[in-house]
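Working notes, structure below.
The values are calculated or read from the model by the stated rules, or taken from the named source; none is laboratory data. The structure presented is a predicted model; accordingly, all values stated were derived computationally and were not measured. Because the Cβ atoms are built from the backbone with ideal geometry, glycine has one as well, and the counts that use them run over all protein chains shown.
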Amino acid sequence: MLDLRTIYIVSAMTCSVLGIVQMIAYSSGRFERWLFWWSASGIVIGAGLFSVGLRNVLPDVVSVLIGNNLILVGYLLLIVSVRLFGGRPARWGLSWLILAVLSAPLILLWRDDASTAPRIAIFSLVCALGDLLVILEGIRLARQERLRSAWLVAAIYMPTAAIFAARALLAVTGWIGEGGLFGPGNGADAWLGLWAAPFLALRSIVINLMAAERAGNKLTYLADRDALTGVLNRGGLMRSYAGLEPGPVALMLIDVDRFKLLNDTHGHAVGDEVLRRFASSASLHLRSSDLFARHGGDEFVIVLRGCPVEKAVETAQKIRAAFAASLAEMEGLVVQPTLSIGVATEICGPGDLETLLQRADLALYARKRNGRDGIDTFEEDRQAA
């Protein structure tokens, strides 16, 4: 027969050791505050499980009152750490208030030996609620940051939420707890504990997977971005373009006119500010699905998904107007840069990026031959002529 006390002690050691290891990792200074609270959660839950596991060995005030409430405090720290990881406020005051309300029945019932089953039911429901909150935070992170490992968090906490809910139901219906926590007739509770034990270990390390994935995503993001303007660089454009779904696209190749003269006259600091202002003003008229990249120097590329040539030209006009308005805020500009824009479209897109760039480049230089500061579109017949 399974020994529930042993399961408690082993689970306590697992949570405590993993919490201590993670606390050591936090002390390296490479992690943010969320890991401190996550580590503390494991240590506190481990201490609570150990106290409960020594029921009838330690005084009841330690094994029942303090042990159960330590586990609930650990759950509070767990939820706080996940919120901090997601960039949300901890809300300590509200959290402690909710914990006090939820733990009040356990405090009131701890002296009564006949109240073991009700205590188990209340405690298990509170833990199931804590697991549910972590699941919701995991789903939110998965959707907002596209962290695949956050879905794993939700998947790992779902079984333990179900186990705690089942334990509460068994306690309410009298299947467990009637003879005390470790009394006879609690085989079902032991089996639930056995099923929960491996998930407790997995739960302790899953946030590290999210941290590693987030760090990898950040490195990828930085590698794909232009440091000056914050838009995609050429490599980022190529990778993002390769991931586009089939459909019509329009590509704009944009050149900042008289940029070399601007640098020679006003200096590179002013030139950098002009490029930043262009990137900022152009972004105001782009959708989240569009691609915006610095192709090199004073040349930029914008890819509009599902956009006919007329709409692309309209967007280009808005960008020109926004850029001019932004430059009007800069005082003392002797050289006034403008925008020359070449537009090419692909109906059965996205097609080959280099081909689209070549077509847009032909349109761009046609615009430059005709006096700059305007928009030209690629036309096959005209280019052939």
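Descriptive notes on the structure:
- Qualifying residue in region 176-185 (condition: modelled with pLDDT under 85 and charged (D, E, K, R)): yes
- Total residues in region 132-160, condition surrounded by 15 or more Cβ atoms within 10 Å (Cβ to Cβ) and of a type in the set (Lys, Arg): 1
- Set 227, 215: member being in a loop (DSSP other than H, G, I, E, B) and modelled with pLDDT under 95: 227
- For region 49-73, filtered to residues that are touching a strand residue (DSSP E or B) at 6+ places or on another chain (Cβ under 8 Å) and farther than 18 Å from residue 197 by Cβ, the residue that is surrounded by the most Cβ atoms within 10 Å (Cβ to Cβ) is 64.
- The listed residue being in the same structural domain as residue 251 (by TED's automatic domain parsing), closer than 23 Å to residue 229 by Cα and crowded, with 16+ Cβ neighbours inside 10 Å, out of 344, 279, 366: 279
Conditions tested, residue by residue: (1) among the acidic types (Asp, Glu); (2) in the same structural domain as residue 368 (by TED's automatic domain parsing); (3) over 24 Å from residue 367 (Cα atoms); (4) out of contact with any Gly (no Cβ under 8 Å at 6 or more places or on another chain).
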{"site": "257", "(1), (2), (3), (4)": "yes, yes, no, yes"}
{"site": "261", "(1), (2), (3), (4)": "no, yes, no, yes"}
{"site": "269", "(1), (2), (3), (4)": "no, yes, yes, yes"}
{"site": "315", "(1), (2), (3), (4)": "no, yes, no, yes"}
{"site": "332", "(1), (2), (3), (4)": "no, yes, yes, yes"}
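- The listed residues are 308, 246, and the only one of them that is under 14 Å from residue 349 (Cα atoms) and either under 31 Å from the mean Cα position of the chain (by Cα) or of a type in the set (A, V, I, L, M) (or both) turns out to be 246.
- Filter result for residue 191 (in the same structural domain as residue 32 (by TED's automatic domain parsing), more than 31 Å from the chain's Cα centre (by Cα), modelled with pLDDT under 90 and part of a helix (DSSP H, G or I)): yes
- Evaluation of residue 131 against the conditions (1) under 25 Å from residue 186 (Cα atoms); (2) assigned to a loop (DSSP other than H, G, I, E, B); (3) charged (D, E, K, R) shows that the sole unmet condition is (2).
To keep it simple, each residue is scored yes or no on (1) among the hydrophobic types (A, V, I, L, M, F, W, C); (2) under 18 Å from residue 23 (Cβ atoms); (3) within 25 Å of the chain's Cα centre (by Cα); (4) not in a helix (DSSP H, G or I).
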{"position": "47", "(1), (2), (3), (4)": "yes, yes, no, no"}
{"position": "68", "(1), (2), (3), (4)": "no, no, no, no"}
{"position": "73", "(1), (2), (3), (4)": "yes, yes, no, no"}
{"position": "78", "(1), (2), (3), (4)": "yes, yes, yes, no"}
{"position": "95", "(1), (2), (3), (4)": "no, no, yes, no"}
{"position": "101", "(1), (2), (3), (4)": "yes, no, no, no"}
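- Residue 39 of a type outside the set (A, V, I, L, M), in a helix (DSSP H, G or I) and free of Cβ contacts under 8 Å to residues at least 60 places away in the same chain: yes
- Leading residue by the ranking (farthest from residue 199 (Cα to Cα)) among those in region 1-24 that are of a type in the set (A, V, I, L, M, F, W, C) and touching a residue at least 60 places away in the same chain (Cβ under 8 Å): 1
- Candidate set: region 325-339, residues that are surrounded by 15 or more Cβ atoms within 10 Å (Cβ to Cβ) and under 36 Å from the mean Cα position of the chain (by Cα); chosen: the one nearest to residue 271 (Cα to Cα): 327
- Residue count for region 230-261, restricted to those that are within 21 Å of residue 373 (Cβ to Cβ) and touching an Asp or Glu at 6+ places or on another chain (Cβ under 9 Å): 9
- Residue match in region 85-93 (condition: aliphatic (A, V, I, L, M), surrounded by fewer than 20 Cβ atoms within 10 Å (Cβ to Cβ) and part of a helix (DSSP H, G or I)): no
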